[in-house]
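Here is the structure we will look at.
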Amino acid sequence: MAEGLRRAGGNANPESLIGGLESMRDYNLGGFFVDFSPTDHTGSKYVDLTILTADGHVRR
């Protein structure tokens, strides 16, 4: 989202944010790739499951 806003420019609006996100083709976030286009708004097919315990600890 932050990169999409950066690409949207200083006076971001919904249309410029969409344009900024759609320009992110194979964008590398340190080994995690995000891919948006005008016809594909999926971004990534990666799914991870994280469980939080009742006391707030992360359990995988």
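Which whole-number value in Å³ per residue fits the convex hull of the alpha carbons of the chain?
131 Å³
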- Item | Backbone HN-Hα couplings from phi across segment 39-56 [Karplus 6.51/-1.76/1.60, Hz, Gly and Pro as x] | 10, 9, 9, 5, x, 7, 9, 6, 10, 9, 10, 10, 10, 9, 6, 4, 8, x
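Find the relative contact order for segment 2-59 and round it to a whole percent, using C-alpha pairs within less than 8 Å whose residues are 6+ positions apart. All intermediate terms of the calculation are to be shown ahead of the outcome.
On the way: 61 pairs, mean separation 11.1, N = 58.
It comes to 19 percent, rounded to a whole number.
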- Residues whose modelled amide H sits under 5 Å from the amide H of Gly43, counting only those 5 or more places away in sequence or on another chain, are Asp35
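Every number in this text was worked out from the coordinates using simple rules, so none of it is lab data. Please read these numbers as outputs of a predicted model, since none were measured by experiment.
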